[in-house]
1. Can you say whether Leu365 is under 18 Å from Ala260 (Cβ atoms) and in contact with a Pro (Cβ under 8 Å, 6 or more places away or on another chain), as far as the supplied structure shows?
2. Of these, Gly69, Gly102, Gly143, which one is closer than 30 Å to Gly248 by Cα and touching a helix residue (DSSP H, G or I) at 6+ places or on another chain (Cβ under 7 Å)?
3. Scanning for something aromatic (Phe, Trp, Tyr), within 17 Å of Ala258 (Cβ to Cβ) and assigned to a helix (DSSP H, G or I), does region 396-403 turn up at least one residue?
4. In the set Arg387, Arg329, which member is free of Cβ contacts under 8 Å to residues at least 60 places away in the same chain and either aromatic (Phe, Trp, Tyr) or surrounded by fewer than 18 Cβ atoms within 10 Å (Cβ to Cβ) (or both)?
5. When the residues of region 192-207 are narrowed to those that are out of contact with any Asp or Glu (no Cβ under 7 Å at 6 or more places or on another chain) and at pLDDT 75 or above, which ends up surrounded by the fewest Cβ atoms within 10 Å (Cβ to Cβ)?
6. One residue is enough: does region 351-373 have a residue meeting the conditions surrounded by 14 or more Cβ atoms within 10 Å (Cβ to Cβ), in contact with an Asp or Glu (Cβ under 7 Å, 6 or more places away or on another chain), closer than 19 Å to Asp238 by Cα and not hydrophobic (A, V, I, L, M, F, W, C)?
7. What about Val74, is it within 26 Å of Ala258 (Cα to Cα) and buried (at least 16 other Cβ atoms within 10 Å of the Cβ)?
8. In the list Gly45, Gly51, Gly105, Gly132, which residue meets the criterion of being on the phi < 0 side of the Ramachandran plot and at pLDDT 90 or above?
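The values are calculated or read from the model by the stated rules, or taken from the named source; none is laboratory data. Quick caveat, the model's predicted, so the values are computed rather than measured. Backbone-built Cβ (ideal geometry, glycine too); neighbour counts: all protein chains shown. Heavy atoms of the whole protein, side chains included, go into the accessibility calculation; ligands, DNA and RNA do not. Shrake-Rupley method; radii C 1.70, N 1.55, O 1.52, S 1.80 Å.
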Amino acid sequence: MGLVPRTRLVALAFAATAVAFAAGYVAGVDPAWLGLDAVLALATGADALSGRGRRVEVSRVAADIFSVGRPNVVTLVLTNTSDRAITGTVMDDPIEEATVTGLPGTFDIPPRSSAQLRYEITPLRRGRRKLGGVTVRYVLPLGLLAKQERVVLPEDVDVYPDVHAARALEMLRRQGREDARVGSLRVRGGDTEFERLRPYQRGDEAKHVDWRASARREELVARQFQAESNQNVVFALDIGRGMRGESGGLTSVDHALAAALLTADVALRGGDRAGLLTFDDKPRSFLRPTGGRAGGRKLTRAVYALDASLAATDYRTAMVFLKTQMKARSLFVLFTNLLDPRSAKDLAAAVRSLVPRHLPLCVLLRDEEVERLAMAPIERTADLYVRAAAAESIAWREGIVRTLRRSGAMVLDARPEDVTPELVKRYLEVKARRLL
């Protein structure tokens, strides 16, 4: 706790000093003018005495789990324990590596009352984080001083990957995928197990039209078949140095995790099993494919503090490990970011070794900064070289995509912010086409 001079006190002290100086210069020292200083000192002392004791009680309401890259609401509850209204500001100590909106906040609390102040924390990194103390500053009765009180409210929060992903699911619904619903996801299959009749949609095969039902309803009706379930989907996440880049304030690992967790949720709701491999120069962790809600919880807990290392990525070792662990045919979703021709060659060879027993899907995260440089306006001669180098990098990347496809892999080459919805769409296509 402490006392802080306010602007009013500083202004009055300056005015009293100026008057006393002028009076002394013109008429010599006059005790009457010195009385101004005494009055100001007494008023300041009285203001300080009125601020004895703690007058504001503070508590904080926050979730135990935050989502990275998403605003998380924190509520501060301020209680005025005095018999007069108080006005002031409040500041909380947020977690490290985060952006905060809504602080410092202002309050005006009547006597013996409480007020709530909400602000938002947007974490930029996953893992265990700490909230610190809350500092409250309010004006004392005479307005000469402000009282500052600090309340230590240590609290641990776990910052997890963004598990909500409502925006991505909304994008899927807008694109007409009515079967991708939160809570009851169904994936349309091939010609195996009949599920239900539904109105005909453009793009449905003619052999799926139920002509008898169409005649009864006087509209075209198609048969829908349920996709095969209990299949394995393994997300292989590269955590080498190539994944340390950032886009939109989040690392490549964060973007990959968001896409993997949402796609895993879709797979689990559809009856499949989801697993996880993390690797850099060697396999770091492996979670065998499991189904149901327990499988989703295991995935989330396994990756919440994951971060990229400085090691070079070894694709061959990681894929050999996967093949030894997974004997049944599986969909391997590999997230990576290529930095040089040698790593691209190793990735192509590793992917080729998975075919035809398994179905590999390589997810490559585009470098948006390189794309911006390739399209930047030319203002000086040096810009020509920068633009040419960026264009060469993009052409090299397109060649990698073609090489991977010739190796038998599916490839998703997308901007980091587009990876999540695009990967869910690709998984649904795999199931609908019965590629597993």
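1. Criteria met by Leu365.
2. Gly69
3. Taking every residue of region 396-403 in turn, none turns out to be aromatic (Phe, Trp, Tyr), within 17 Å of Ala258 (Cβ to Cβ) and assigned to a helix (DSSP H, G or I).
4. One residue alone meets the criteria, Arg387.
5. Checked region 192-207; the qualifying residue surrounded by the fewest Cβ atoms within 10 Å (Cβ to Cβ) is Arg202.
6. Yes: region 351-373 contains one or more residues that are surrounded by 14 or more Cβ atoms within 10 Å (Cβ to Cβ), in contact with an Asp or Glu (Cβ under 7 Å, 6 or more places away or on another chain), closer than 19 Å to Asp238 by Cα and not hydrophobic (A, V, I, L, M, F, W, C).
7. yes
8. Step by step, each of Gly45, Gly51, Gly105, Gly132 is checked, and only Gly105 is on the phi < 0 side of the Ramachandran plot and at pLDDT 90 or above.
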